[in-house]
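Notes follow once the structure below has been shown.
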Amino acid sequence: MASPLPAVQRLGTPLRRSLARSLAASARRSFATETTPPTSATTSSSSSSASSSVGAGATKRSRPTYFKDTVVAPFSAFAGAPAADEPLSVTDAYELQTVEVGPAGRKKKVTRLPPWLKTDLPSPGVNENLRKIKSDLRGLGLHTVCEEARCPNLSECWGGSSRAAATATIMLMGDTCTRGCRFCSVKTNRNPAPLDPHEPENTAEALARWGLGYVVLTSVDRDDLADGGAHHFAETIRRIKQKKATLLVEALTGDFRGDLDMVQIVAESGLDVYAHNVETVEGLTPYVRDRRATFRQSLKVLAHAKQVRGGGVDTANGLITKTSIMMGLGEQEEEVWDALRELRKANVDVVTFGQYMRPTKRHLKVERYVTPEEFEKWRLRALDMGFLYSASGPLVRSSYKAGEAFIENVLRKRQGGVQALSATDPATATASVLEEKKML
C-alpha cells in the first residue's frame with residue numbers, strides 16, 4: 001500500500017506558498033520610509049490582514065507610498081531658468097573647458113565646446129532641400145565629404161533657402177582614402193575599391209536634377225592609381241558642364257603625389273575654381289598630414305594650376321585658386337603669417353580659416369579654441385595682404401558657402417558677358433572688387 005505522505009505534502013504546498021507571499025509583503029512594508037514609527041494598532045492590523053489572506057486568499061492591500069522632502073533636490077534646481085551665456089575672457093577662451101560626467105567612482109573628464117561652436121542638428125524631415133539631396137545621393141550611390149568628414153555646416157549648406165542657394169560637396173572616387181591624415185575621419189585603406197565608371201555620369205545627372213548654382217567636387221587621395229584619379233576627376237567636370245554649362249564648379253583636389261601633369265589635366269577640364277588645401281602651417285604639416293603630403297608640394301600644385309590658366313578675375317578664362325588653413329592645432333602667429341606670405345607668392349586668390357574639430361578620440365587633440373574675434377583679425381589681415389577673398393570663422397570650412405557667395409558673384413559677371421571687371425580701367429575694377437567685399 002502506498003504511503004499517504006506525498007499526497008499530504010501536495011495539499012500543503014499552496015498553503016506554504018501563500019504564507020511565504022504574505023510574510024514577504026509584510027517584510028517589505030516594514031522597510032517603508034515613514035515620518036513616524038507605526039503604532040501597535042497598525043502592526044496588529046497588518047498581522048491580521050496577513051493571516052486573513054493566508055486563510056481565505058483575500059486580495060492583498062496595495063503598498064502605501066511615503067515621500068520625504070530630503071530625498072531629492074528642490075524643484076527650483078530642475079525648473080530654474082538657465083543663466084545667460086557671458087562672453088569669455090581671452091584667457092578663458094584659450095583654455096580648454098572640461099567637465100566630469102558619469103556615475104560616482106567612474107567619472108571621466110570630457111572637453112566642453114565653447115558656445116560659438118554649437119550648431120543645430122540637421123533634420124531632413126523639416127527641410128525639403130536637405131531631404132531631396134540626401135535621397136538622391138543614396139539613390140545614385142554618391143558620397144559627400146560633408147557626411148564623411150562630419151561637417152557641422154551640413155544643414156546650412158544643403159538646406160539653403162532655395163535650391164540655387166544650397167551647396168553640396170560631392171566626394172568622388174569612393175569613400176576610402178589611401179592616406180591617413182591625423183585630422184581626417186574619412187576611412188583609409190591601401191587598396192580601396194576600383195573606380196566606378198558610371199560615377200561621372202551619375203554625378204552630373206544628380207547635380208543637374210538638384211538645380212544648384214554652385215557645386216564643390218572633391219575626392220579621396222588615390223595613390224593606388226597611376227594618375228591619382230585625375231582623368232576621372234576631369235571627366236566628371238566635363239560631364240557636368242555638358243549637362244548644365246551655367247553651373248559653377250569648384251574642384252578641391254589632392255596633390256597627385258606632386259605630379260604637375262595631372263594637375264594640368266584637372267585645371268584644363270573646364271572648372272571655375274581650383275582648390276587645394278595646405279591644411280596647416282609648414283611646421284606642423286609632418287604631424288598633421290600624411291607624410292606623403294608636404295607644405296611645399298601643395299604650394300607647387302596651387303602655383304601650377306594658376307600658371308596653366310593664368311590671369312585674375314578680370315580675365316575671361318582666368319582660374320581662381322583657393323586654399324584653407326585649420327586653426328587650433330598649436331600653430332603660432334608668426335607661422336600663420338609665413339604661410340600667408342607663401343600663399344601670396346603662389347598667387348592664391350582665396351584663403352579660408354576654420355577651427356579644427358577633433359572627429360574621434362583617435363585623432364589629434366584640439367590645442368585651443370580660437371575666438372571669433374581672432375578669426376576676424378585673420379580675415380582682415382588676409383585681405384590687406386592682397387587676397388581676393390577670405391572667409392574666416394570657427395565653423396568655416398574649405399567649401400563653406402559663405403566663401404562661395406563672393407566667388408560666384410565674380411564668376412557670374414564674367415559668365416554672363418557683363419565683363420564688369422574687365423571693360424573698365426584698373427582703378428574702377430579694383431573699386432568694384434572692394435565694394436563687393438563690403439557687401440558680404
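The values are calculated or read from the model by the stated rules, or taken from the named source; none is laboratory data. Here the structure is a predicted model, which is why all the values come from computation and not from measurement. Because the Cβ atoms are built from the backbone with ideal geometry, glycine has one as well, and the counts that use them run over all protein chains shown. The area values use the complete protein model at the heavy-atom level, side chains included, leaving out ligands, DNA and RNA. Shrake-Rupley method; radii C 1.70, N 1.55, O 1.52, S 1.80 Å.
Which pairs turn up if I take residues in the range 374-395 that are under 15 Å from Gly354 (Cβ atoms) and outside any loop (DSSP other than H, G, I, E, B) and look for partners that are of a type outside the set (Ser, Thr, Tyr) and open to solvent by 20 Å² or more (accessible area, probe 1.4 Å) with beta carbon separation below 6 Å, at least 6 apart in sequence or on another chain?
Close Cβ pairs satisfying both conditions: Ser390/Arg379; Ser390/Leu383; Ala391/Ala402; Ser392/Arg379.
Report, ordered by the first and then the second residue, all pairs with beta carbons closer than 6 Å, sequence separation of six or more or different chains, a first member in the range 322-345 that is free of Cβ contacts under 8 Å to residues at least 60 places away in the same chain and assigned to a strand (DSSP E or B), and a second member that is crowded, with 18+ Cβ neighbours inside 10 Å and not β-branched (Val, Ile, Thr).
Every condition considered, the pairs that remain are Ile325/Phe353; Met327/Phe353; Met327/Gln355.
Answer with yes or no whether Ala208 is under 15 Å from Ile170 (Cβ atoms), surrounded by fewer than 16 Cβ atoms within 10 Å (Cβ to Cβ) and either in contact with a His (Cβ under 8 Å, 6 or more places away or on another chain) or of a type in the set (A, V, I, L, M) (or both). Can you show your working first?
Values: under 15 Å from Ile170 (Cβ atoms): yes; surrounded by fewer than 16 Cβ atoms within 10 Å (Cβ to Cβ): yes; either in contact with a His (Cβ under 8 Å, 6 or more places away or on another chain) or of a type in the set (A, V, I, L, M) (or both): yes.
So Ala208 fits the description; yes.
Go through the range 183-228 and give me each residue that's under 19 Å from Leu252 (Cα atoms) and among the basic types (Lys, Arg).
Lys187, Arg222
Looking at the range 209-223, which of the residues that are under 20 Å from Asp259 (Cβ atoms) and in a loop (DSSP other than H, G, I, E, B) is modelled with the lowest pLDDT?
Filtering first and then ranking leaves Val220.
Out of Arg368, Arg358, Arg362, Arg381, I need the residue that is modelled with pLDDT of 95 or more and either surrounded by fewer than 18 Cβ atoms within 10 Å (Cβ to Cβ) or within 17 Å of Val301 (Cβ to Cβ) (or both). Which one?
Numbers: Arg368 fails: modelled with pLDDT of 95 or more; Arg358 fails: modelled with pLDDT of 95 or more; Arg362 fails: modelled with pLDDT of 95 or more.
Answer to the check: Arg381.
Of all residues in the range 259-270, count the ones that are in contact with a Phe, Trp or Tyr (Cβ under 9 Å, 6 or more places away or on another chain) and in a loop (DSSP other than H, G, I, E, B).
1
Here are Ala226, Ala206, Ala251: which of them is part of a strand (DSSP E or B) and hydrophobic (A, V, I, L, M, F, W, C)?
Ala251
Between Asp255, Asp227, Asp196, Asp221, which is in contact with an Asp or Glu (Cβ under 9 Å, 6 or more places away or on another chain), of a type in the set (Asp, Glu) and surrounded by fewer than 18 Cβ atoms within 10 Å (Cβ to Cβ)?
So the residue among Asp255, Asp227, Asp196, Asp221 that is in contact with an Asp or Glu (Cβ under 9 Å, 6 or more places away or on another chain), of a type in the set (Asp, Glu) and surrounded by fewer than 18 Cβ atoms within 10 Å (Cβ to Cβ) is Asp227.
Criterion first (open to solvent by less than 20 Å² (accessible area, probe 1.4 Å) and assigned to a helix (DSSP H, G or I)) does Ser298 satisfy it?
yes
If a residue must be surrounded by fewer than 19 Cβ atoms within 10 Å (Cβ to Cβ) and not small (Gly, Ala, Ser), how many such residues does the range 327-341 contain?
Going through the range 327-341 one residue at a time, the tally reaches 8.
Residues in the range 271-295 that are free of Cβ contacts under 8 Å to residues at least 60 places away in the same chain and either assigned to a helix (DSSP H, G or I) or surrounded by fewer than 17 Cβ atoms within 10 Å (Cβ to Cβ) (or both): how many?
6
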